[in-house]
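Any read-out appearing in this document is the output of simple, stated calculations on the displayed coordinates, not a laboratory observation. Every value quoted in this text rests on a predicted model; they were computed, and no experiment measured them. Here the Cβ is made from the backbone with ideal geometry for all residues, glycine too, and neighbour counts use every protein chain on show.
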Amino acid sequence: MVTPSKMSQATSESFTQFNQAVSNIPVVTVSSLSNQSLIPVPVVQNIVSTCNLGTALNLQHLATHARNAEYNPKRFAAVIMRIRDPRTTALIFSSGKMVVTGAKSEDASRLAARKYARIVQKLGFSVKFMDFKLQNIVGSVDVKFAIQLEGLFITHNQFCTYEPELFPGLVYRMVVPRVVLLIFVSGKIVITGAKTRDDIDKAFGQIYPIVKGFKK
């Protein structure tokens, strides 16, 4: 006859054996799974934005009194101004229109534009920060494998142009999102014409399985 104490002892031994068995099973983490099929992520290289300062500007006065500003009207009809944080360059026109380039994120581009507007305001101009817009986001990525551009062009010629004697990359014009991708045999891809970071990610998400099908 099995007594309650013996049943309890047997149950305890079973749990001990189960725990020992579980402890010997290798642990598989989410990160280790993702590393097995790691897909690269595009990096934003440059953002071009525009805004309107809402007033006409005396560019000679602006260039003379602002720091890190240059103005040569014979070469270019705008003041070129630079700041270090965020590291950007602004083209400021007499109409009050401004172009900001060099930022690495959407927030940094807006912050830089506001800083330039504040600099101009401090020099005595009645500035308004208006019509800020992201015009172009450029991203790049390396898929880490060579790509057969000839095969890609033949299969997707309705979207592509490829003239290696003129330009080494294949130009792929995506419809949605409306961006242009420069695809190189080395596996480097440049995405340009995006309006948001999401456009960059969506475009790469669509092109990656395509170029993977033409892996050398």
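Some points to look at:
- Computed E for His156/Gln45 - FRET, C-beta separation, R0 22 angstrom, nearest 0.05: 0.35
- Cα gyration tensor, the stretch 92-216 - rounded (a/c under 1.5), prolate or oblate: prolate
- Cα convex hull of the stretch 47-135, projected area averaged across orientations, nm²: 5.0 nm²
- Based on C-alpha pairs under 8 angstrom that are at least 6 apart in sequence, the stretch 76-127 has a relative contact order of 25 percent.
- Per-q log10 I(q)/I(0), the stretch 85-131, q = 0.21, 0.24 Å⁻¹ (Debye; single scatterer per alpha-carbon; no solvent): -0.68, -0.87
- Legend: residue pairs Lys104/Lys128; Lys115/Lys188; Lys74/Lys195, Cα-Cα distance threshold 28 Å; pairs beyond threshold, Lys115/Lys188; Lys74/Lys195.
- Against the rule of thumb 2.2 N^0.38 Å, how large the Cα Rg of the stretch 143-212 comes out: 1.02
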